[in-house]
Structure formats: structure tokens, C-alpha cells
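The values are calculated or read from the model by the stated rules, or taken from the named source; none is laboratory data. Everything quoted here is computed from the prediction, not taken from an experiment. Note that we place each Cβ from the backbone using ideal geometry, even for glycine, and neighbour counts take in every protein chain shown.
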Amino acid sequence: MATTAPHTIDTDALVIGAGPVGLFQAFQLGLQGIACHLVDALPHVGGQCTELYADKPIYDIPGIPVCTGRELVERLQQQLAPFPPHYHLNQSVEALQACADGRWSVRTNTGTHWHANTVFIAAGVGAFVPRSLPIEGLAPHMKRQIWFGSQPLPDFSGQHLLITGDGDSALQCGLDALEAAASVTLMHRREQFSAEPARVQAFQAAQASGRVRFVAGQPTALVTDGERLSALHYLNAEGQELTQPCDHLIMALGLTPKLGPVAQWGLQIERKQVVVNTETFATSAPGIFAVGDINTYPGKKKLILCGFHEATLAAFGAAAHLWPQDKTLLQYTTTSRTLHKRLGLI
Ligand SMILES: Cc1cc2nc3c(=O)[nH]c(=O)nc-3n(C[C@H](O)[C@H](O)[C@H](O)COP(=O)(O)OP(=O)(O)OC[C@H]3O[C@@H](n4cnc5c(N)ncnc54)[C@H](O)[C@@H]3O)c2cc1C
């Protein structure tokens, strides 16, 4: 269930990042009897598994000889069903600060605000943001004449459209605009696409019928007419600088991970990763844990299996942090009545 609350939400646990490790973290917290909120910058859960290799096979998840990235995420969600977290998708955690009472104040770019007793940073390689062209002067034209392909696009009726990119989103943007736009041109450094075969076929059919044009080139600079974007300079394969006129430019270049605000949260960081102890995967700040690709320690391996182990010990660490007077017992899901109750089995 997606929630966005203008008020402050009190929670025992907040998980930042709904990748495979963040999802399993929520499950392990559930086994410990700790309810949690789960926040992710993307509009869907699954992190790298969904974003980067949804249809590719994974062979090294224990007990699952082979599954795709998407299937693994579906299975993690099924496993998490007894402990439904409060999901907050499409928003990125920007600020994390200590409260005077030992809790953590956490805020997203859309204004959701928590007071959390424990925080789990499962932010992977960072929040995924759309990739930009490496040219100057884009900012004043953004959301006027320059757009990211991954974001909602306006009506391009009667407009001359230039799209940069070679993936599914670039090709689909071109196909979607065919009917309305005055012209559609796709630019990439060479005429090879890294997209689903069916989409490439549809694009090539549109190209053959003259409804879309392909230009091989590397963008070098924007051309403006007063405040208005009028064209793009680019280098062709022979190294000549040419100009492609356009009313709108769509950058459909995929997503890139950006560590972003995590680096500013006052935690001990080494080479863009959060330093943890390997007993509980606690960071340098009490009550804050870091699991999965975001953390570092001697021997760290960025594998899903390792993230699952880290999340398990971090959940034990959180229970000890929340209830220091109680002994945190190891219980088996096979035999423990307490865990069966928590799992909704009895
Ligand atoms: C092509 C490829 C193939 C791979 N194959 C395998 C394999 O076969 N086996 C294997 O074990 N591993 C594999 N990996 C590695 C594996 O995908 C990672 O180890 C795993 O995804 C790490 O999980 P995570 O949950 O820590 O991070 P991620 O999957 O990176 O998820 C982190 C999530 O946090 C979110 N986030 C980040 N910052 C913020 C913020 N400030 N606010 C809100 N949300 C935020 C991101 O949007 C993202 O959804 C592969 C990786 C790639 C790229």
C-alpha cells in the first residue's frame, strides 16, 4: 500500500531501498516482530534486479537453481506477505538527522517524514536517476523542450522530435510519438539497438515506411535561437560536425545510480560505501544499519546472497537495540510457535 503523509510517522524501523536486500530486510524484521516502512526512489520494488536485469537468469540464489531478476523479486514479495510493510515508492530519502531522544528523523524529497527508532540503509549503488547527455546548457530547457524519456511526456502534436538513445525506452518514445509528431528522428552513435527484438522490429518497420528517421551521431552542443532550443550539433561517424533541427529533445539514455544524499548523512564512508561492523551490520551511528551493496567491510562481496545474510544479522541487531533488556533468541521457523504466529500460520 503506497502512503504519503504530510505529518510525521513514528516507526520502529525504516528501510531505505526496496531492492532484493531491502525486501529481505523487511522479512527478517517481521520475524523479529518489528514492523517497518519501506521507501524507494523508483516507482516499483526490486532495485537492480528489476531495473537492470529483469529478464536475465540468476543462478546463485540458494535453493533456486535458476530464476530471472523479476522472478526473484516476485518470490521475495511473496515471502514478505505475512509482514506487509508500508511502501513509499517514487520518493527519495534526502535527509537523515539525529533527534534529541535517540531516534532518527528521515525525510524524502516529497515531504514524507519519519521518526524512526532504527534505520536500515539498503540503498545499493544509490538511487537510479535518468542519464543526461554530456553537453552544457540543458538546465534552462528541461521540461520545456528537453525531456527524460523515463518521465511523463507532453503532447508532441505537430512538433519535430529528436530522441537520443538505443534502448527500449528510446525506441518506444519514437513509436509512441509517430502519429502526433510532425517528424521523429532517433540519434545514436551507431545503428544498433539494445532493445527487445519485438520493439526493434516495430521501429525498423516504421523506419522502412519513412515514418521515423535514424541518424548516426554523437551530440556535441545545443543550438539556441534566443531562449529557444532550435537544434542539436552532433559529430557523424566521419568526424564532421552537423546540425539536426528539433523542437523537442528527448534523452532516453537509461538510468544511472547516484549515491547522492547517503554520503551527506555523517556516517563513516569508505570509497562511496558505508562502513559497518560484521556482527550486526551497524554503522558508526547507533540504530542505523547498512546492508547489501551500499556497505563495506573486509571481504565484502556485492552478491544478493551476502546481502541476505547481512539483513538477517542486522534484524537481530535491531531487536537488541530496540529491546536491550531482552535476550534476542535464535528461533527456527520450522519449530518456533512464536515465529509461526508471526508468519500467520497459527
Ligand atoms: C547485470 C547484473 C547482474 C547481476 N547478477 C547477479 C547474480 O547473478 N547474482 C548476485 O548475487 N548478484 C548479481 N548482481 C548484483 C545484485 O544485483 C546486487 O548485489 C543487488 O541488487 C544488491 O541489492 P541491494 O538491495 O543492496 O541494492 P539495489 O538492488 O541496488 O537496490 C537499492 C535500491 O535503493 C534505492 N535507493 C537508493 N538510494 C535511495 C534513496 N536515497 N532513497 C530511496 N531509495 C533509494 C534504489 O532506487 C534501489 O531500488 C548483478 C548485478 C547486475 C548489475
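Scanning the range 191-207 finds no residues that are surrounded by fewer than 17 Cβ atoms within 10 Å (Cβ to Cβ), basic (Lys, Arg) and touching a residue at least 12 places away in the same chain (Cβ under 8 Å).
Scan the range 118-132 for residues that are buried (at least 19 other Cβ atoms within 10 Å of the Cβ) and either away from the ligand (no atom under 11 Å from the Cβ) or within 17 Å of Gln91 (Cβ to Cβ) (or both) and the total you get is 10.
At pLDDT 95 or above and of a type in the set (S, T, N, Q) - does that describe any residue in the range 49-60? No, the range 49-60 contains no residue that is at pLDDT 95 or above and of a type in the set (S, T, N, Q).
Take the conditions (1) closer than 17 Å to Val119 by Cα; (2) within 20 Å of the chain's Cα centre (by Cα); (3) assigned to a loop (DSSP other than H, G, I, E, B); Ala263 misses just one of them, which is (3). Checked against (1) within 13 Å of the ligand (Cβ to nearest atom); (2) buried (at least 20 other Cβ atoms within 10 Å of the Cβ), Leu29 meets all criteria but (1).
Against the test of being under 22 Å from Phe128 (Cα atoms) and either in contact with a strand residue (DSSP E or B) (Cβ under 6 Å, 6 or more places away or on another chain) or surrounded by fewer than 22 Cβ atoms within 10 Å (Cβ to Cβ) (or both), the options Tyr59, Tyr87 yield a single qualifying residue, Tyr87. Residue check: Ala263 meets all listed conditions (1) in contact with a Lys or Arg (Cβ under 8 Å, 6 or more places away or on another chain); (2) at positive phi; (3) small (Gly, Ala, Ser) but one, namely (2). Within the range 266-315, restricting attention to residues that are within 11 Å of the ligand (Cβ to nearest atom) and part of a loop (DSSP other than H, G, I, E, B), the residue that is nearest to Leu329 (Cα to Cα) is Val291.
Among the candidates Thr278, Thr256, Thr283, Thr312, the residue that is within 30 Å of Asp176 (Cα to Cα), of a type in the set (Ser, Thr, Tyr) and either surrounded by fewer than 20 Cβ atoms within 10 Å (Cβ to Cβ) or touching a residue at least 24 places away in the same chain (Cβ under 8 Å) (or both) is uniquely Thr256.
On the basis of being touching a Leu at 6+ places or on another chain (Cβ under 6 Å) and closer than 17 Å to Pro130 by Cβ, does Gln151 make the cut?
Working: touching a Leu at 6+ places or on another chain (Cβ under 6 Å): no; closer than 17 Å to Pro130 by Cβ: yes.
Criteria not met by Gln151.
Evaluate the range 236-251: report whether one residue or more is touching a residue at least 12 places away in the same chain (Cβ under 8 Å), within 19 Å of Gly149 (Cα to Cα) and in contact with an Asp or Glu (Cβ under 9 Å, 6 or more places away or on another chain). Within the range 236-251, none of the residues are touching a residue at least 12 places away in the same chain (Cβ under 8 Å), within 19 Å of Gly149 (Cα to Cα) and in contact with an Asp or Glu (Cβ under 9 Å, 6 or more places away or on another chain). If the Cβ limit is 7 Å and pairs must be 6+ apart or interchain, which residue in the range 74-98 that is within 23 Å of Pro257 (Cβ to Cβ) and of a type in the set (Ser, Thr, Tyr) pairs with which residue that is at pLDDT below 95 and surrounded by fewer than 16 Cβ atoms within 10 Å (Cβ to Cβ)? Partner pairs satisfying both residue conditions: Tyr87/Met1; Tyr87/Ala2; Ser92/Asn109. Of the residues making up the range 244-260, those that are within 16 Å of the ligand (Cβ to nearest atom) and outside any helix (DSSP H, G or I) number 6. Restricting the search to strands (runs of 3 or more DSSP E) fully inside the range 38-148 and requiring at least 1 residues that are out of contact with any His (no Cβ under 9 Å at 6 or more places or on another chain) gives 93-98, 113-121, 127-130, 146-148.
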